[in-house]
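Reviewing the structure listed below.
The values are calculated or read from the model by the stated rules, or taken from the named source; none is laboratory data. Being a predicted model, the structure only gives us computed values, none of them experimental. Counting neighbours? That spans all protein chains shown, and the Cβs are built from the backbone with ideal geometry, glycine included.
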Amino acid sequence: RVVARIAGPGAVGAFLGATVLSHLSTETAAPVMSTILLLLGAYILVRFVLGIKPALKKQLTIKFLAPLGLFAGFVDATGGGGWGPVAVPALLTDGRLSPRKVVGSVDTSEFAVSAAASVGFLVGLGAGGINWRFALALLVGGLIAAPLAAYLVKIAPSHLLGVAVGGVILLTNTRTLLKSFDVSDPARFTAYGAILVVSLAGLSIAAQRARKQATAAEPEPEASLSA
């Protein structure tokens, strides 16, 4: 249901974004978008480390998913990637779906988004504006990596997956921001290292918390009867 509601608007947004990008540059929007996603990534990381569960019971509606899909699809096409970085943080922040379902739904609907963006670029640039060797190499790499990623998402505990996703969002958007402001390499690598340390610490804390909760939930053994 989530895939059906987000894929259509995402495809429309991707087609529009590809058409727009064929005629103008959107580089100035990258720092703003990365700042927003950076904040969302930090929230996701903290939420899953601390085990915070939003009290939301209603299912995701078309009023939420359609604008999200339209916006994420537009960003994906204009920025060369953004469907996952925009849609995943928004859905994880909302809290109605587990990390596993969020990643699976976003990945499944990305096919329609990518197809629409490809059509948009073909319309705007023509076949001569596309480097087919690069496109083929990326396609082959994606076909190899996708099944492995799907398997990892399937077996990974939700609390650890949420922390990992939050850390990746932090890392990728920090990279975009620092490169936008021409920050020196030593400073950038220091920031990357700090995010990695924080993410690993978060994974450790989340794992320990989950073990404690599992231990507390185990039934106490009945006292042995005296002979």
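For the stretch 57-80, the set of residues classified as at pLDDT below 80, of a type outside the set (D, E, K, R) and either under 11 Å from the mean Cα position of the chain (by Cα) or part of a helix (DSSP H, G or I) (or both) consists of Val75, Ala77, Thr78, Gly79, listed by residue number.
Condition check for Gly120 on (1) in contact with an Asp or Glu (Cβ under 8 Å, 6 or more places away or on another chain); (2) crowded, with 16+ Cβ neighbours inside 10 Å: one failure, at (1).
Only residues that are surrounded by 24 or more Cβ atoms within 10 Å (Cβ to Cβ) and closer than 20 Å to Leu160 by Cβ: list them for the stretch 92-117, please. Answer for the stretch 92-117, where residues must be surrounded by 24 or more Cβ atoms within 10 Å (Cβ to Cβ) and closer than 20 Å to Leu160 by Cβ: Leu92, Pro99, Val102, Val103, Val106.
For Val140, the criteria (1) in contact with a Gly (Cβ under 7 Å, 6 or more places away or on another chain); (2) modelled with pLDDT of 80 or more hold in every case but one, which is (1).
Applying the selection to the stretch 177-187, what residues are assigned to a helix (DSSP H, G or I) and either among the β-branched types (Val, Ile, Thr) or over 19 Å from Met33 (Cβ atoms) (or both)?
So the first thing to find is which residues in the stretch 177-187 are assigned to a helix (DSSP H, G or I), and the list is 177-180, 185-187.
Asp185, Pro186, Ala187, listed by residue number.
Mind listing whichever residues of the stretch 145-155 are β-branched (Val, Ile, Thr) and loosely packed, with under 10 Cβ neighbours inside 10 Å? Walk me through it before giving the result.
So the first thing to find is which residues in the stretch 145-155 are β-branched (Val, Ile, Thr), and the list is 153, 155.
Within the stretch 145-155, just Ile155 meets the criteria.
Selection of first residues in the stretch 145-157 that are in a helix (DSSP H, G or I) and of second residues that are surrounded by 12 or more Cβ atoms within 10 Å (Cβ to Cβ) and not hydroxyl-bearing (Ser, Thr, Tyr), restricted to Cβ pairs under 6 Å at least 6 apart or on distinct chains, gives the following pairs, ordered by first then second residue: Val153/Arg100; Val153/Val103.
Return yes or no: is Phe134 assigned to a helix (DSSP H, G or I) and surrounded by fewer than 16 Cβ atoms within 10 Å (Cβ to Cβ)? Give the derivation first.
On the way: assigned to a helix (DSSP H, G or I): yes; surrounded by fewer than 16 Cβ atoms within 10 Å (Cβ to Cβ): yes.
Yes.
Could you check, for the stretch 93-108, whether at least one of its residues is part of a loop (DSSP other than H, G, I, E, B) and without any contact (Cβ under 8 Å) to a residue 24 or more places away in the chain?
No - not one qualifying residue is present in the stretch 93-108.
Could you tell me which residue of the stretch 169-193 is surrounded by the most Cβ atoms within 10 Å (Cβ to Cβ), considering only residues that are in contact (Cβ under 8 Å) with a residue 12 or more places away in the chain and among the β-branched types (Val, Ile, Thr)? Among residues in the stretch 169-193 that are in contact (Cβ under 8 Å) with a residue 12 or more places away in the chain and among the β-branched types (Val, Ile, Thr), the one surrounded by the most Cβ atoms within 10 Å (Cβ to Cβ) is Ile169.
Any residue that is modelled with pLDDT of 85 or more and over 23 Å from the mean Cα position of the chain (by Cα) - is there at least one of those in the stretch 149-171? Within the stretch 149-171, none of the residues are modelled with pLDDT of 85 or more and over 23 Å from the mean Cα position of the chain (by Cα). Leu196: exposed (fewer than 11 other Cβ atoms within 10 Å of the Cβ) and of a type in the set (A, V, I, L, M, F, W, C), yes or no? No.
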